[in-house]
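Structure first, commentary second.
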Amino acid sequence: MNLFEVYKLWDIEPVRGLDTTLWDKDGAEYTDLYGGHAVISVGHCHPHYVKMLSEQLGRLGFYSNAVQNSLQRDLAARLGKVGGYDDYSLFLCNSGAEANENALKVASFHTGKGKVLAFRKAFHGRTSGAVAATDNPKIQSQFNSTPNVVFAPLNDLEAVSAELSKGDFAAVIIEGIQGVAGIYEPTSEFLHGLRTLCDRHGCVLIIDEIQSGYGRTGRFFAHQHSGVRADIITTAKGMGNGFPIGGVLISPAIKPVYGMLGTTFGGNHLACTAALAVLDIIENEHLVENAARIGEYFRMAFAEDKALKEYRGKGLMIGMELKDEYIGLRDRLLFEKHFFTGAAGAQVIRLLPSLTVSQETAERFVSAWKELTL
Ligand SMILES: Cc1ncc(COP(=O)(O)O)c(C=O)c1O
């Protein structure tokens with residue numbers, strides 16, 4: 001059997017990793033400033049992560065959600081505390097799309113309404129409801145596109161107000177910072193306005209922190225820069241540092257009913273152990289602070305860079321929009337300087353490194369960039 005070819009691949013095969021370094025099958029060394037789409041939060045093969053997962057695998061890898069699993073309760077308590085949502089409850093699943101799918105479903109159950117307001121250029125995943133709330137018709141099949149989702153421009157409160165006043169919306173879903181779109185931030189004023197409008201119209205405010213959360217922006221969740229509180233927060237990616245896990249943090253105002261949600265694999269022993277190891281490392285190594293510090297270094301180093309039209313983002317969630325004459329720089333960074341970065345179209349380079357990235361590595365990247373753009 002062949003693979004169902006849906007990805008455009010680089011002809012590079014990493015076979016080993018340590019922190020922000022990768023080695024390919026021929027032994028060539030690369031620096032990873034992308035973390036496989038913002039997934040690597042605490043570095044490749046962190047010794048504490050490897051130890052905890054190896055030990056758990058030797059004890060028990062999996063049992064279903066029909067029995068007690070204290071690892072889930074430990075994770076909920078730890079995440080509530082470090083994430084600033086102590087009084088919320090946690091539903092565990094396996095991916096970002098699944099987290100959003102469950103969040104939308106919970107909002108609809110809770111309000112008894114069926115419509116969702118999402119934003120232009122949003123990306124929420126590829127499953128049924130998540131892709132319906134994603135503003136990209138190319139990845140929506142006929143089956144997925146639904147009049148239940150309406151899109152408004154980001155940062156346009158009047159447009160949101162006009163829609164929500166129709167009264168049939170269960171939820172507003174918004175990314176903490178839009179990632180796939182090319183790193184676009186909702187303003188603090190806009191988030192506060194959304195909070196007010198959701199309260200006024202009985203709508204659940206869902207903040208998708210799947211890419212922007214877990215410390216990446218210099219706060220545990222990106223929306224915490226504005227001080228706004230969400231009713232539901234979704235998380236995945238950095239949560240397991242590569243072990244598949246997603247989470248839905250749910251306000252105490254929303255009550256669970258047995259059977260309302262469910263999953264076979266969600267919250268399994270290995271996934272919870274991975275997530276607990278990640279939280280240990282984030283706390284012990286002060287990685288949220290490191291994300292803020294290195295992010296600030298990048299911001300200063302790229303201020304008025306001659307290759308850039310615009311530098312966007314917060315902390316280690318960075319979008320660098322290239323001037324036309326520098327399109328192609330991402331390939332040069334990879335093939336000539338051995339730096340993995342991400343992209344949003346041809347024009348935007350995205351940096352989403354592990355939160356462990358060092359000052360020395362950041363400086364090496366800046367030097368390599370400056371050399372290529374002399
Ligand atoms: C903001 C956001 N939401 C949801 C998803 C979907 O996550 P997953 O690929 O784990 O389903 C992504 C993935 O890029 C994302 O960036």
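When we screen Leu191, Leu205, Leu249 for residues that are outside the structural domain of Thr20 (by TED's automatic domain parsing), surrounded by 20 or more Cβ atoms within 10 Å (Cβ to Cβ), touching a Cys at 6+ places or on another chain (Cβ under 7 Å) and not small (Gly, Ala, Ser), the only hit is Leu205. Got at least one residue in segment 303-315 being under 19 Å from Ala38 (Cα atoms) and assigned to a helix (DSSP H, G or I)? Checking segment 303-315: not a single residue is under 19 Å from Ala38 (Cα atoms) and assigned to a helix (DSSP H, G or I). Please indicate, with yes or no, whether at least one residue in segment 147-160 is more than 21 Å from Gly313 (Cβ to Cβ), of a type in the set (Val, Ile, Thr), surrounded by fewer than 20 Cβ atoms within 10 Å (Cβ to Cβ) and touching a Leu at 6+ places or on another chain (Cβ under 7 Å). Yes, there is a match, as at least one residue in segment 147-160 is more than 21 Å from Gly313 (Cβ to Cβ), of a type in the set (Val, Ile, Thr), surrounded by fewer than 20 Cβ atoms within 10 Å (Cβ to Cβ) and touching a Leu at 6+ places or on another chain (Cβ under 7 Å). For segment 138-173, residues that are farther than 20 Å from Phe109 by Cβ and within 16 Å of the ligand (Cβ to nearest atom) total 6.
Candidates in segment 268-302 are the residues that are in contact with a strand residue (DSSP E or B) (Cβ under 7 Å, 6 or more places away or on another chain) and surrounded by fewer than 20 Cβ atoms within 10 Å (Cβ to Cβ); of these, the one that is nearest to Ala236 (Cα to Cα) is Arg299. Hey, could you check segment 221-238 for residues that are surrounded by fewer than 20 Cβ atoms within 10 Å (Cβ to Cβ) and either touching a Leu at 6+ places or on another chain (Cβ under 7 Å) or of a type in the set (Phe, Trp, Tyr) (or both) and say which is nearest to Thr356 (Cα to Cα)? Here the residue is Ser226. Among the residues of segment 174-215, just one is in contact with an Asp or Glu (Cβ under 9 Å, 6 or more places away or on another chain), of a type in the set (Phe, Trp, Tyr) and within 15 Å of the ligand (Cβ to nearest atom), namely Tyr184. Within segment 268-288, is there a residue that is within 14 Å of the ligand (Cβ to nearest atom) and in a loop (DSSP other than H, G, I, E, B)? Among the residues of segment 268-288, not one is within 14 Å of the ligand (Cβ to nearest atom) and in a loop (DSSP other than H, G, I, E, B), which makes the answer no. Looking across Ala118, Ala103, one residue alone is in contact with a Ser or Thr (Cβ under 6 Å, 6 or more places away or on another chain) and within 14 Å of the ligand (Cβ to nearest atom). It is Ala103. Flag not set for Gly259, criterion: in contact with a Cys (Cβ under 7 Å, 6 or more places away or on another chain) and either within 13 Å of the ligand (Cβ to nearest atom) or not in a helix (DSSP H, G or I) (or both). Quick check on segment 121-134. Is at least one of its residues away from the ligand (no atom under 14 Å from the Cβ) and over 17 Å from the mean Cα position of the chain (by Cα)? Checked segment 121-134: no residue is away from the ligand (no atom under 14 Å from the Cβ) and over 17 Å from the mean Cα position of the chain (by Cα).
For segment 321-328, the condition holds for at least one residue, the condition being that it is part of a strand (DSSP E or B), at pLDDT 95 or above, of a type outside the set (Phe, Trp, Tyr) and over 26 Å from Thr21 (Cβ atoms). Of all the numbered requirements in (1) within 16 Å of the ligand (Cβ to nearest atom); (2) in contact with a helix residue (DSSP H, G or I) (Cβ under 9 Å, 6 or more places away or on another chain); (3) farther than 18 Å from Glu283 by Cβ, Ser41 misses one, and that requirement is (3). Only one entry in Ala171, Ala118 is buried (at least 17 other Cβ atoms within 10 Å of the Cβ), more than 17 Å from the chain's Cα centre (by Cα) and assigned by TED's automatic domain parsing to the domain that holds Gly213, namely Ala171. Among the residues here, His48 qualifies as farther than 22 Å from Ile173 by Cα and either more than 16 Å from the ligand (Cβ to nearest atom) or buried (at least 16 other Cβ atoms within 10 Å of the Cβ) (or both). Any residue in segment 351-374 that is of a type in the set (Val, Ile, Thr), at negative phi and not in a loop (DSSP other than H, G, I, E, B)? Looking for residues that are of a type in the set (Val, Ile, Thr), at negative phi and not in a loop (DSSP other than H, G, I, E, B), one finds at least one in segment 351-374, hence yes. Scanning segment 17-32 for residues that are among the aliphatic types (A, V, I, L, M) and farther than 19 Å from Phe243 by Cα yields a total of 1. Checking each residue in segment 74-100 for being closer than 20 Å to Pro244 by Cβ, assigned to a helix (DSSP H, G or I) and either more than 15 Å from the chain's Cα centre (by Cα) or within 16 Å of the ligand (Cβ to nearest atom) (or both) picks out Asp74, Leu75, Ala76, Arg78, Leu79, Gly96, Ala97, Glu98, Ala99, Asn100.
The values are calculated or read from the model by the stated rules, or taken from the named source; none is laboratory data. No experiment lies behind these values; they were computed from the predicted model shown. Here Cβ is always computed from backbone atoms with ideal geometry, including for glycine, and neighbour counts include all displayed protein chains.
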